[in-house]
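This report concerns only the one structure given below.
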Amino acid sequence: VKIYVPRDSAALALGADETAAAIQSEAKKRNIAIELVRNSSRGLFWLEPLVEVSTQKGRVAYGPVQAEDVAGLFDVGFHNGGAHKLGLGLTEEIAYLKNQERLTFARMGITDPVSLEDYQAHQGYAGLRKALEIKPTDVVQQVLDSGLRGRGGAAFPAGIKWKTVAAAQADQKYVVCNADEGDSGTFSDRMTMEGDPYMLIEGMTIAAMATGATRGYIYVRSEYPHAIDNLNEAIARATKAGFLGDNVLGSGRAFHLEVRKGAGSYVCGEETAMLESIEGKRGIVRAKPPIPALQGLFGKPTVINNVITYASVPIILARGAAFYANYGMGRSKGTLPIQLAGNIKHGGLVEKAFGVTLRQLVFEYGGGTASGRPVKAIQVGGPLGAYVPEQHWDLPMDYEGWTAVGATVGHGGIVVHDDTSDMRKLARYAMEFCAIESCGKCTPCRIGSTRGVEVIDRLAEADRQGKPEVKAQQVKLLRDLCDTMVNGSLCAMGGMTPFPVLSALNHYPQDFGLSTPDKK
Ligand code: SF4
């Protein structure tokens, strides 16, 4: 009997190791032969540890299973699919999972993450094999035709970056993966590295084959020790099996891949600060131009994408650009692994084609707030993303449509707040976060964020003391300051911090002691 217990950090945090140990010992005690597979989470976090059992009808799920539930499960014969109050039926039939469009996350939770055999048995490396059959320029064209845009937040077309690097003349080129997933409420990169690391490795190898790069680095945040372990293990196995190294799959082309660990700086998620960090320097943003595609790591042409962007590439090559571009809407092609977090009942990973709405995500999938109270605001796109008010919850998710109403898709992280949230405090938090994480290179961000905290504090004080003129003055000052930060900052850190601040001020004026929206 095959029994699956996830071993990614979300499941571990909820007691998966203890559950797995209890299953092993209970099976031994009862003389039941089992094969325990440590898979990864399917992304239904409120059900973790989610235990699955192979049956003739398919995999059957039970969850959340704690160690103390295990004896009772064996009593009802769960190892043969027996009925139990924790039973969830066939895993694939759970509505949260069934109603998704999992292209990138198709293998997530199904395979043993570091098993190359499992990976290949589930379409793994089909994309790379295809890429090696066609010309590098055709590989780039496939990525261009797929419409894939950077999933890290900037949404720049991946194929254009690849084309630029491919056309550059240099003795050395690099492929770098930004895995410094620092946005609040985001975990799709972590899930990929922990749950399906070969998919990232394959995507980066395809990028190398397409652009002529021979070395690659995955820059992972230090807070992700399990991801780092899995990547190192997967890279070692892939190298041994000839998928990486001096002669990738006998093509005569080389690609060597290494993991680099960050040191806890948010701004190192900005691509040029990340390059500085990989080079062993302090993570400070570089002015552009030159663009990294021409002068990137160690001054050489460099492809930089984030984890999900690379992870989306194997299926594009394997199934063709048109297959991928068929999903989505407008200029937002394909699917996005969206992460539901914050005050939400059913937090987890939902991969959907662009066009899905926030209302569907938060209510149909997420089940509303965990507190049971009404949803007040939804922040999308990390700590620098805008708070989206109810009037925009039915807007189909696409980059252009959302930008038009001041919302950001970013990395697809959604953080839900109920009606007890104080939007002024959240606006202050955004400025404070920027003050702490600013790299200090430019004045609007370095000084502006500190002044921003002070202005919001004075605004609150004026409200407490009932001084409307002072309040109006401070609101004006805050708007001026935000304007300077948006237009004068060197990178998105200072340039986007005003988004949560202004959206809070514009959509929730009552939390600032303003009865109606102030004059902008
Ligand atoms: Fe550094 Fe902030 Fe300027 Fe970006 S905006 S370069 S983080 S000081």
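Bear in mind that the values in this text are calculations on the coordinates, not laboratory data. Predicted model only: the values in this text are computed from it and were never measured. Heads up, the Cβs are rebuilt from the backbone with ideal geometry, glycines too, and the neighbour counts pull from every protein chain shown.
So for segment 153-288, what are the equivalent ellipsoid semi-axes in whole Å, largest first, each being the square root of 5 times an eigenvalue of the Cα gyration tensor? Can you show the working numbers first?
Details: eigenvalues 106, 77, 35 Å².
Equivalent ellipsoid of segment 153-288: 23, 20, 13 Å, largest first.
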query = Calculated FRET efficiency, Gln465 and Asn506, Cβ-Cβ r, R0 25 Å, to nearest 0.05?
reply = 0.55
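Evaluate the relative contact order of segment 1-64 (contact order divided by residue number), counting alpha-carbon pairs under 8 angstrom at least 6 apart; express in whole percent. Intermediate results must be reported in sequence, preceding the final value.
Numbers: 101 pairs, mean separation 27.9, N = 64.
Reported relative contact order: 44 percent.
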remark   = A chain fully extended from Gln473 to Asp229 at 0.36 nm per residue, minus the present Cα-Cα distance, gains in nm 82.6 nm
task = State, to one decimal in nm, how far the label point of Asp145 lies from the label point of Ile160, with both points 7 Å from Cα in the Cβ direction.
result = 2.0
query = Using a Förster distance of 30 Å, how high is the FRET efficiency between Glu364 and Thr443, based on the Cβ-Cβ distance and rounded to 0.05?
reply = 0.10
remark   = Rounded to one decimal in nm, the spacing of the 7 Å Cα→Cβ label points at Ala126 and Arg282 is 5.0
ask   = Computed FRET efficiency, Cβ-Cβ of Asn80 and Glu258, R0 35 Å: what is it to the nearest 0.05?
value = 0.20
task = Compare the Cα positions of Ile206, Val37, Leu47 along the charge dipole of the chain (+1 at Cβ of Lys, Arg; -1 at Cβ of Asp, Glu; about the Cα centre) and return the one farthest towards the positive end.
result = Ile206
message = Quick check: the distance between the Cα centres of segment 452-476 and segment 389-435, to the nearest angstrom?
response = 23
query = Based on the inverse mean of 1/r over its pairs of different Cα atoms, what is the Kirkwood hydrodynamic radius of segment 34-159, in Å?
reply = 17.3
task = Express in nm, to one decimal, how much length is gained between Ala33 and Trp393 on full extension, taking 0.36 nm for each residue of separation and deducting their alpha carbon distance.
result = 124.6 nm
message = Using a Debye calculation, one point per C-alpha and no hydration shell, please list log10 I(q)/I(0) for segment 322-379 at q = 0.19, 0.28 Å⁻¹ in order.
response = -0.67, -1.09
note = Within segment 164-275, the percent of DSSP beta bridges that are antiparallel, given to the nearest 5, stands at 10
Along principal axes, Cα extents of segment 40-104, largest first, whole Å = 37, 25, 18
query = Given H placed 1.01 Å from N in the peptide plane, which residues other than close sequence neighbours of Cys177 have an amide H under 5 Å from its amide H?
reply = Tyr217, Ile218, Tyr219
ask   = Cross-link partners among lysines for Lys57, C-alpha distance below 28 Å, same-chain residues fewer than 8 apart left out?
value = Lys2, Lys28, Lys29, Lys85, Lys98, Lys352
request  = Apply the Kirkwood formula to segment 114-188: the hydrodynamic radius equals the inverse of the mean of 1/r over all pairs of different alpha-carbon atoms; give it in Å with one decimal.
outcome  = 14.9
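Could you give me D for segment 402-508, from Stokes-Einstein at 37 °C and 0.692 mPa s, where the hydrodynamic radius is the Kirkwood radius over C-alpha pairs? Units µm² s⁻¹, please.
Numbers: Rh = 14.3 Å.
This corresponds to a translational diffusion coefficient of 230 µm²/s.
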query = What length, rounded to one decimal in nm, is gained on full extension from Gln56 through to Thr357, with 0.36 nm per residue of separation minus their alpha-carbon distance?
reply = 104.7 nm
task = Quick one: which residues, 5+ away or cross-chain, put their amide H under 5 Å from the amide H of Asp418? H built at 1.01 Å from N.
result = Lys376
note = Karplus-derived 3J(HN,Hα) from phi for segment 355-366 (6.51 cos²θ - 1.76 cosθ + 1.60, θ = phi - 60°), whole Hz, x at Gly and Pro, runs x, 5, 9, 5, 4, 4, 5, 6, 9, 5, 8, x
query = By what distance, in whole Å, do the Cα atoms of segment 148-194 stretch along each of the three principal axes, largest value first?
reply = 39, 20, 15
remark   = Note on segment 281-331: C-alpha Rg/Rh, Kirkwood Rh, two decimals, gives 1.14
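Rounded to the nearest 20 debye, what is the charge dipole size of the chain about its Cα centre when +1 sits on each Lys and Arg Cβ and -1 on each Asp and Glu Cβ? Kindly include the intermediate steps, with their values, before the conclusion.
Working: 56 positive and 56 negative charges, 197 e Å.
Once rounded to the nearest 20, the dipole reads 940 debye.
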task = Report, in whole Å, the centroid distance computed from the Cα atoms of segment 235-274 and segment 275-306.
result = 16
ask   = Put +1 on the Cβ of every Lys and Arg and -1 on every Asp and Glu Cβ in the chain; which of Gly152, Ser421, Thr369 then has its Cα farthest towards the positive end of the dipole?
value = Gly152
key: the chain - Rg (one decimal) and Dmax (whole number), Cα, Å   = 24.0, 78
note = Expressed in nanometres to one decimal, the distance between label points 7 Å along Cα→Cβ at Glu133 and Ala236 is 3.4
query = What is the chain's relative contact order, in percent, from Cα pairs under 8 angstrom and six or more apart in sequence?
reply = 13
ask   = How big is the Rg/Rh ratio for segment 339-415, C-alpha atoms only, Rh by Kirkwood, two decimals?
value = 0.92
